[in-house]
Amino acid sequence: MTPSVTRIPLLSPAPGTERHIIARRYGEPGARPKAYLQASVHADELPGMLAAHHLARLLDEAAGEDRILGEIVLVPVANPIGLAQRINGNLIGRYELDGGGNFNRNWPNSVETVIERVGPQLGANVDENVKAVRRTLQQILSEQPLTTELASLKLTLSRLAFDADLVLDLHCDSDALMHLYMVPQLWPAGADLSAEIGSRATMLSEPSGGDPFDETWSAPWAALQTRFPSKPIPMACFSATIEFRGQSDVEDHLAAHDGGALFRFLQRRGFIAGDPPPLPEPQCDATPFSGVDIIKSPGSGLIAYKRRLGERVKAGDIIADLVDPMAENSSEARRPIATRADGLLFRRRRTRFVRTGESIAKIAGKAPLEHRRGKLLDD
Ligand SMILES: [Zn+2]
């Protein structure tokens, strides 16, 4: 059975202009389990897009051999708005230039509405409870105002994802090792994904405070479990954000590995027939997102790193010097920047000029940090 490719138009932002997304659908519509994967909501994070291309080739082959067991929906380019944003030759894919903010923040947070509406409907039957939650999510989506192109993009992607058993959002960081985010309720169930993709830092966050896409689909189930402990409510959507290394890591050999890993993960989870090889050895255990030191620059200047990606560091270690190239006294031009965490340096900044408050590094530690409270995601 060949995949069906659906072209879904977005709300036109101006006469003569219309963008669309493409959804590649594999398997019988409505079959279970359902997986939804999308790449590059941050449109300048391209490794996931290339991984999705490799995954599509494998899925096409599996579909040709009738090996798709459930339904798989793949959106290989999730953000055509961002992909078309350029300033002086540079792709600007993280924030919407029309004032919509960070493309992966402020997805519809339906947690309180779901609790309010589904609470009275919950009973002793787990399948009926799952159906009631999905019906309510669908209803909430149908009430979303559709006033801008960005709103129509978010609604279009949400409609494809809301009832999936598995949601994977494919991103990357600036200059980074492979890493992974999910809510704590999905661990250790998510250890297979972490090992399969070769995650070097897998972080559990509840909630991260920015309403990213992945949490939109896992958070309602976690919240319902907490609010109604006597009712049978599963984590019926496994959702995660995969960070496919850094923005420059757009290479066929990496993407072929990553597309293959996604394919094998889908196989292990029962979406595709066949026997995957044994799961690779995990490269990390999960750690709390509140244990990640996101180091902010104390001033503006050049960043001269002292530590490389993949190094294990201790609290107090100098990660980089901030260099003021205009300092009158050159002996005072450098300010050392230390970390407050013991852990793995898994992310640095690709652009080596920073302004005050911009993050220059991320260190994944095991222990929650005193200064990491409230909103955990940086923008
Ligand atoms: Zn991203």
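The values are calculated or read from the model by the stated rules, or taken from the named source; none is laboratory data. Since the structure is predicted, the reported quantities are computational estimates derived from the model, not experimental observations. Because the Cβ atoms are built from the backbone with ideal geometry, glycine has one as well, and the counts that use them run over all protein chains shown. Please note that ligands, DNA and RNA were not included when accessible areas were found on the heavy atoms of the full protein model with its side chains. Shrake-Rupley method; radii C 1.70, N 1.55, O 1.52, S 1.80 Å.
A few notes on this one:
Yes or no, residue by residue, for (1) farther than 30 Å from S40 by Cβ; (2) within 22 Å of the chain's Cα centre (by Cα); (3) within 16 Å of the ligand (Cβ to nearest atom):
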residue	(1), (2), (3)
G82	no, yes, yes
Q85	no, yes, yes
D98	no, no, no
W107	no, yes, yes
R117	yes, no, no
D127	yes, no, no
A132	yes, no, no
L137	no, yes, no
P145	no, no, no
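- Residue identified as at pLDDT 95 or above and buried (at least 24 other Cβ atoms within 10 Å of the Cβ) among A201, A223, A195, A191: A201
- Of all residues assigned to the range 165-178, none qualifies as being away from the ligand (no atom under 16 Å from the Cβ), more than 17 Å from the chain's Cα centre (by Cα) and modelled with pLDDT of 95 or more.
- Residue match in the range 58-75 (condition: within 16 Å of the ligand (Cβ to nearest atom), open to solvent by less than 60 Å² (accessible area, probe 1.4 Å) and closer than 23 Å to S4 by Cα): yes
- Taking residues in the range 89-114 that are at positive phi and open to solvent by 30 Å² or more (accessible area, probe 1.4 Å), and partners anywhere that are within 14 Å of the ligand (Cβ to nearest atom) and of a type in the set (G, A, S), the pairs with Cβ atoms closer than 9 Å and at least 6 places apart or on different chains are N106/G210.
- Among residues of the range 318-346 being in contact with a Lys or Arg (Cβ under 7 Å, 6 or more places away or on another chain) and surrounded by fewer than 20 Cβ atoms within 10 Å (Cβ to Cβ), the one that is nearest to A367 (Cα to Cα) is D342.
- Scanning the range 263-279 for residues that are in contact (Cβ under 8 Å) with a residue 40 or more places away in the chain and open to solvent by 50 Å² or more (accessible area, probe 1.4 Å) returns R264, R268, R269, L279.
- Residue satisfying condition, being under 30 Å from L345 (Cβ atoms), of a type in the set (A, V, I, L, M, F, W, C) and either free of Cβ contacts under 8 Å to residues at least 40 places away in the same chain or crowded, with 17+ Cβ neighbours inside 10 Å (or both), within set L155, L177: L177
- Every residue from the range 158-174 that is in a strand (DSSP E or B) and either out of contact with any strand residue (DSSP E or B) (no Cβ under 8 Å at 6 or more places or on another chain) or open to solvent by less than 10 Å² (accessible area, probe 1.4 Å) (or both): L166, V167, L168, D169, L170, H171, C172
- For the range 324-359, a residue qualifies if it is without any contact (Cβ under 8 Å) to a residue 40 or more places away in the chain and out of contact with any strand residue (DSSP E or B) (no Cβ under 7 Å at 6 or more places or on another chain), and the qualifying residues are M326, A327, E328, N329, S330, S331, E332.
- Verdict on E206 being buried (at least 22 other Cβ atoms within 10 Å of the Cβ) and touching a residue at least 12 places away in the same chain (Cβ under 8 Å): no
- Residue tally, condition away from the ligand (no atom under 16 Å from the Cβ) and either open to solvent by 40 Å² or more (accessible area, probe 1.4 Å) or of a type in the set (K, R) (or both), over the range 236-253: 3
- Close pairs (8 angstrom Cβ cut-off, 6 or more residues apart or separate chains): at pLDDT 95 or above and of a type in the set (S, T, N, Q) in the range 34-56, open to solvent by 10 Å² or more (accessible area, probe 1.4 Å) and within 15 Å of the ligand (Cβ to nearest atom) anywhere: S40/L46; S40/M49; S40/V77; S40/L83
- Looking across the range 26-55, the residues that are of a type in the set (A, V, I, L, M) and either surrounded by fewer than 21 Cβ atoms within 10 Å (Cβ to Cβ) or more than 19 Å from T6 (Cβ to Cβ) (or both) come down to A31, A43, L46, L50, A51.
- T136 falls short on exactly one of the conditions (1) among the β-branched types (V, I, T); (2) within 27 Å of F271 (Cβ to Cβ); (3) out of contact with any Lys or Arg (no Cβ under 7 Å at 6 or more places or on another chain), and that condition is (3).
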